[in-house]
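Read-outs: derived from the displayed coordinates by stated rules, not from any lab. Just so it is clear, the model here is predicted, and its values are computed rather than measured. Note that we place each Cβ from the backbone using ideal geometry, even for glycine, and neighbour counts take in every protein chain shown.
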């Protein structure tokens, strides 16, 4: 007997409720990357004050990205059982707790246990938020898909920029690396408070409809093309956060200038992520757009390593625009290649689980290549290959097709 079609979940009851939900979506995005950039911004100070062993630095910088892949596949099941709004509320509460835990003193013990516990909590929470945001946008903002996709992906880029730019001043003002890390729990806690009415409103709307039957995205060629596009995008994206500043320093650029260049590159990421989804939604298909932004990001990375330093602002600007647009269009593919919010959350869990799980290997590979060769030349070759593969699978993912569902 065929499974009856599911009734779509109710939309927010008013324009005001829709605007409120949109603000919450953007504010959630504004908290999804501070855990990465805040730690790296004061890593030398934390290492010196807390005496972190070398292995712990590697673990604390890679575990959050790895956990994005581990926990992302759980999000669709949790969303179906408890509702996406409730899960998002719980994820933001967990993120707040994790950010606080990282900054707590633990008498009689070193800093590593709490840093690790807080980092694990943050990684799990961010994984759930990453998966749920595209499905909520697909469900409630189908009429403003490009705008909302651009706004929340820009907020994610801004989150990384805020963590990178404000954590060190917070450390200088407080004199404590713990306080500088814990301060990021405040904006996350604010979002928790704002999400409570959203969760209550959705609960009052009645029981959730049964999950529709249909094909699993794991058996869809279209879903795998989108997922592999995400893998190579993630390899470049997290490598930018972790290695762009060291690459610039290795090329003889002083620390202050390198920090300014990275900040400007991240600002250009925000520009690319704001406009790329709007353009993607307007196009008949996204093959050319996906391939172009992938080659921009890969080419900018390669030129930042090999290109003349006199033009380093040009290379890092190309990298920033390309990477921001690349991240945004990869996430926008979730909505453009699915017909329902149910399939959107399943595809989101698959592509982000595999994408971030494998994509986290990029930062480790750069570190290993640097260790083996003593410079970043081999990493430059790697990014040429990764950018090309992102363009190939972006072209495939950009064809005007849908993940099959009955």
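If I model the chain as equal point scatterers sitting on the Cα atoms and use the Debye formula, what is log10 I(q)/I(0) at q = 0.14 Å⁻¹?
-1.24
Report the FRET efficiency, 1/(1 + (r/R0)^6), for residue 257 and residue 55, where r is their Cβ-Cβ distance and R0 is 41 Å, rounded to 0.05. Working shown, then result.
On the way: r = 31 Å, r/R0 = 0.77.
Calculated transfer efficiency: 0.85.
If the viscosity is 1.002 mPa s and the temperature 20 °C, what Stokes-Einstein diffusion coefficient in µm²/s follows for the stretch 198-353 when Rh is the Kirkwood radius over Cα pairs?
124 µm²/s
Can you give the helix-only mean residue ellipticity at 222 nm for the chain, where every DSSP H stretch with n ≥ 4 adds -39500 (n - 2.57) and the sum goes over all residues, rounded to the nearest 500 deg cm²/dmol?
One gets -26500 deg cm²/dmol as the mean residue ellipticity at 222 nm.
Over the chain, calculate the relative contact order: mean separation of alpha carbon pairs under 8 Å at least 6 apart, over the residue count, as a percent. Write down the numbers at each step before the final one.
Working: 700 pairs, mean separation 105.0, N = 406.
It comes to 26 percent, rounded to a whole number.
May I ask you to derive the FRET efficiency for residue 48 and residue 142 from their Cβ-Cβ distance with R0 = 56 Å, giving the value to the nearest 0.05?
Step by step, r from the Cβ atoms, then E = 0.65.
Tell me, Kirkwood radius of the stretch 116-177 from alpha-carbon pair distances, in Å?
13.9 Å
What would the Debye formula give as log10 I(q)/I(0) at q = 0.09, 0.11, 0.12 Å⁻¹ for the alpha-carbon point model of the stretch 25-153, no solvent?
For the requested q values the scattering log ratios are -0.30, -0.43, -0.50.
For the ranges 237-247, 37-47, what's the packing order if you count other beta-carbon atoms within 10 Å of each residue, average per peptide, and put the highest first?
Numbers: 237-247: 22.6, 37-47: 19.7.
Those peptides, ordered most packed to least, come out 237-247, 37-47.
At 7 Å along the Cα-to-beta-carbon direction for both residue 310 and residue 20, put a label point, then send me their distance in nm to one decimal.
It is 5.9 nm.
Arranged from highest to lowest average of other beta-carbon atoms within 10 Å per residue, in what order do the peptides 369-379, 292-302 appear? Each step should come with its number before you reach the end.
Working: 369-379: 14.6, 292-302: 24.6.
Going from most to least packed, we get 292-302, 369-379.
Which of 89, 18, 347 moves the most in a Gaussian network model of the chain with Cα springs under 10 Å?
Judging by the Gaussian network model, the answer is 18.
How do the peptides 317-329, 74-86, 20-32 rank, highest first, by the average count of neighbouring beta carbon atoms within 10 Å per residue?
317-329, 20-32, 74-86
If I take the Cα coordinates of the stretch 111-256 and project them onto the principal axes, what are the three extents in Å, biggest first?
Projected onto the principal axes, the Cα atoms of the stretch 111-256 cover 55, 38, 34 Å.
In nm, give the distance between the simple-model label positions of residue 388 and residue 401, each being 7 Å from the Cα along the Cα-to-Cβ direction.
Label at residue 388, label at residue 401, 2.4 nm between them.
Once both labels are modelled 7 Å past Cα along the beta-carbon direction, what's the residue 284-residue 82 spacing in nm?
Here the answer is 4.5 nm between the modelled labels.
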